[in-house]
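Peer 1: Okay, handing you the structure first.
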Amino acid sequence: MSTTEPDALLGPADIRELAAALGVRPTKQRGQNFVIDANTVRRIVRTAEVRPDDVVVEVGPGLGSLTLALLEAADRVVAVEIDDVLAGALPATVAARLPGRADRFALVHSDAMLVTELPGPAPTALVANLPYNVAVPVLLTMLERFPSIERTLVMVQAEVADRLAARPGNKVYGVPSVKANWYADVKRAGSIGRTVFWPAPNVDSGLVSLARRTEPIRTTASRTEVFAVVDAAFAQRRKTLRAALSGWAGSAPAAEAALTAAGISPQARGEALTVEEFAAIAENKPEPSA
């Protein structure tokens with residue numbers, strides 16, 4: 001049978017059949033919820049603005065729902081999968097359902113947090129349904145390690161989506177918001193209901209779009225130095241920055257001096273600051289006294 005586009009994508013019956021054949025039961029430990037709705041994966045690919053020349057990296061492809069939709073739209077797809085059974089089965093699923101595109105697919109059987117290189121041309125986009133329990137660290141790690149990724153669209157727990165896209169002053173603005181903003185302009189790109197997954201999660205999901213900054217943040221401080229300030233500021237988020245950064249600076253007066261030099265009120269709190277302001281604080285870290 002020739003594979004036409006609608007038949008290539010996986011529906012609910014296909015997903016359950018594949019899972020049964022592999023003896024796969026989605027595990028909570030790995031945050032596995034498989035997308036069983038072809039319209040949803042088409043919508044994700046559309047929202048991600050995947051182009052015919054894109055090299056897309058996908059993390060946690062599972063049984064391949066999104067993988068197949070990405071392969072129809074992109075030049076090449078590299079999927080990173082940690083699960084032994086799923087990683088073993090995915091190439092065969094791609095070959096069976098999209099035989100004409102199978103040579104444009106590559107699988108990396110690894111933990112995404114450990115991946116430092118990918119086969120083939122450098123990735124231009126990251127599109128993934130990220131496991132809820134590791135979504136933020138995986139996203140930040142991929143953006144750090146693969147600077148060629150210009151556009152990202154991830155599906156995450158709605159609460160995580162809100163956090164990633166939050167602006168200063170918002171009550172959910174925090175470490176993920178600032179760190180994601182170091183790399184990219186971040187915005188909410190839609191909501192996804194529970195019924196498109198198997199098993200249906202007990203939380204809603206959200207899409208987050210990240211467009212990499214064309215110009216990096218102008219600062220003499222390194223990413224590590226800036227992130228150290230961010231971590232310290234939000235570790236005790238109810239405290240003023242003078243107090244919250246005292247450990248980082250060596251003392252409360254030293255923290256106050258760094259804040260004043262950066263043009264920031266020592267009485268401010270971390271949730272009010274932009275990533276640029278955190279960078280300014282990092283630049284003014286006092287030298288440790290002998």
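The values are calculated or read from the model by the stated rules, or taken from the named source; none is laboratory data. The model shown is predicted, which means the values in this text are computed figures rather than measured ones. Reconstructed Cβ throughout: ideal geometry from the backbone, glycine too, with neighbour counts over all protein chains shown. Quick note on the areas: whole protein, heavy atoms, side chains included, nothing else; ligands and nucleic acids left out. Shrake-Rupley method; radii C 1.70, N 1.55, O 1.52, S 1.80 Å.
Peer 1: Over the chain, average the accessible area per residue using a 1.4 Å probe and give it in Å², no decimals. Please list the in-between numbers first.
Peer 2: Numbers: 13390 Å² over 290 residues.
Ligands and nucleic acids excluded, the figure is 46 Å² per residue.
Peer 1: Okay, moving on. Write down the Å³ per residue value for the convex hull defined by the alpha carbon atoms of segment 144-290. Numbers along the way, then the final one.
Peer 2: On the way: hull volume 19.0 nm³, N = 147.
Enclosed volume per residue, from the Cα hull, is 129 Å³.
Peer 1: Right, something else. Between R51 and R212, 0.36 nm times their residue separation minus their Cα-Cα distance comes to what? Can you show the working numbers first?
Peer 2: Working: separation 161, 0.36 × 161 = 57.96 nm, distance 1.63 nm.
Answer, rounded to one decimal: 56.3 nm.
Peer 1: Using only Cα atoms, figure out Rg for the chain and give it as a multiple of 2.2 N^0.38 Å.
Peer 2: Values: Rg = 21.2 Å, N = 290, 2.2 N^0.38 = 19.0 Å.
Dividing the Cα Rg of the chain by 2.2 N^0.38 Å gives 1.12.
Peer 1: Further question on the same structure: Give me the Kirkwood hydrodynamic radius of segment 203-290, using the inverse of the mean 1/r over all pairs of distinct Cα atoms, in Å to one decimal.
Peer 2: Kirkwood hydrodynamic radius for segment 203-290: 13.7 Å.
Peer 1: With unit charges on the beta carbon (Lys/Arg positive, Asp/Glu negative), name the residue among G169, F105, V154 whose Cα is farthest towards the positive pole of the charge dipole of segment 80-186.
Peer 2: Final value for the positive-end residue is G169.
Peer 1: Just tell me which aspartates and glutamates come within less than 16 Å, Cα to Cα, of K171; anything on the same chain fewer than 8 places away is out.
Peer 2: Result set, ordered by chain and number: E159, D162, E271.
Peer 1: What does the helix-only formula give at 222 nm for the chain: each DSSP H stretch with n ≥ 4 adding -39500 (n - 2.57), the total divided by the residues, and the result rounded to the nearest 500 deg cm²/dmol?
Peer 2: Numbers: 13 runs with 116 residues, N = 290.
The per-residue figure over the chain is -11000 deg cm²/dmol.
Peer 1: On to the next question. Which pairs break 25 Å Cα to Cα here: K179/K285; K187/K239; K179/K239? Let's see the in-between values first.
Peer 2: Numbers: K179/K285 19 Å; K187/K239 28 Å; K179/K239 20 Å.
From K179/K285; K187/K239; K179/K239, over 25 Å: K187/K239.
Peer 1: Less than 18 Å from a label point 7 Å out along the Cα-to-Cβ axis of A243: which backbone N atoms in segment 135-172 qualify, by residue?
Peer 2: none
Peer 1: For segment 70-122, just say rounded, prolate or oblate: build the C-alpha gyration tensor, square-root its eigenvalues into a ≥ b ≥ c, call rounded for a/c under 1.5, and beyond that prolate if a/b exceeds b/c, oblate if not. Walk me through the numbers before you get to the answer.
Peer 2: Working: a/c = 2.68, a/b = 1.28, b/c = 2.09.
Oblate, since a/c reaches 1.5 and b/c is not below a/b.
Peer 1: Along Cα→Cβ, 7 Å out, is where each label goes; now give me the distance between the ones at R25 and E144 in nm to one decimal.
Peer 2: Output for this residue pair reads 3.6 nm.
Peer 1: Let me ask you something else. Trypsin sites (Lys or Arg not before Pro) within segment 195-228: which are DSSP loop residues with at most 15 other Cβ atoms inside 10 Å? Don't skip to the end; give the middle numbers.
Peer 2: Values: sites: R212, R213, R218, R223; in loops: R213, R218.
Those satisfying the criteria are R213, R218.
Peer 1: Taking the alpha carbon gyration tensor of segment 101-226, what are the square roots of 5 times its eigenvalues, largest first, to the nearest whole Å? Let's see the in-between values first.
Peer 2: Working: eigenvalues 106, 99, 31 Å².
Semi-axes from the Cα gyration tensor: 23, 22, 12 Å.
Peer 1: Also, I was wondering about something else. What number, in percent, do you get for the relative contact order of the chain if the mean sequence gap of Cα pairs under 8 Å and at least 6 apart is divided by its residue count?
Peer 2: Working: 524 pairs, mean separation 40.5, N = 290.
Once normalised by length, the contact order is 14 percent.
Peer 1: In nm, give the distance between the simple-model label positions of A102 and A235, each being 7 Å from the Cα along the Cα-to-Cβ direction.
Peer 2: Once both label points are built, they end up 5.3 nm from each other.
Peer 1: Next question, about the same structure. Once you put a point 7 Å from the Cα of A158 and another 7 Å from the Cα of S251, both along the Cβ direction, what distance in nm separates them?
Peer 2: In this crude label model, A158 to S251 measures out at 5.0 nm.
Peer 1: Still on this structure: Could you give the dipole magnitude of segment 1-148 about its Cα centre, charging the beta-carbon of Lys and Arg +1 and that of Asp and Glu -1, in debye to the nearest 20?
Peer 2: Here segment 1-148 has a charge dipole of around 280 debye.
Peer 1: So, one more: What part of the accessible area of the chain, given as a whole %, is carbon or sulfur when the probe is 1.4 angstrom?
Peer 2: Numbers: 6840 of 13390 Å².
Carbon and sulfur together cover 51 percent of it.
Peer 1: If you don't mind, there's one more thing I want to ask. Report the FRET efficiency, 1/(1 + (r/R0)^6), for T195 and N133, where r is their Cβ-Cβ distance and R0 is 30 Å, rounded to 0.05.
Peer 2: On the way: r = 21 Å, r/R0 = 0.71.
With R0 = 30 Å, the Cβ-Cβ based efficiency is 0.90.
Peer 1: Right, here's the next one. By how many nm would the segment from R188 to E17 grow when fully extended, if each residue of separation counts as 0.36 nm and the alpha-carbon distance is taken off?
Peer 2: Length gained between R188 and E17: 58.2 nm.
Peer 1: Restricting things to Cα coordinates, could you compute the convex hull volume per residue of segment 7-136 in Å³? List each step's numbers first, then the result.
Peer 2: Numbers: hull volume 13.3 nm³, N = 130.
Residue-normalised Cα hull volume stands at 102 Å³.
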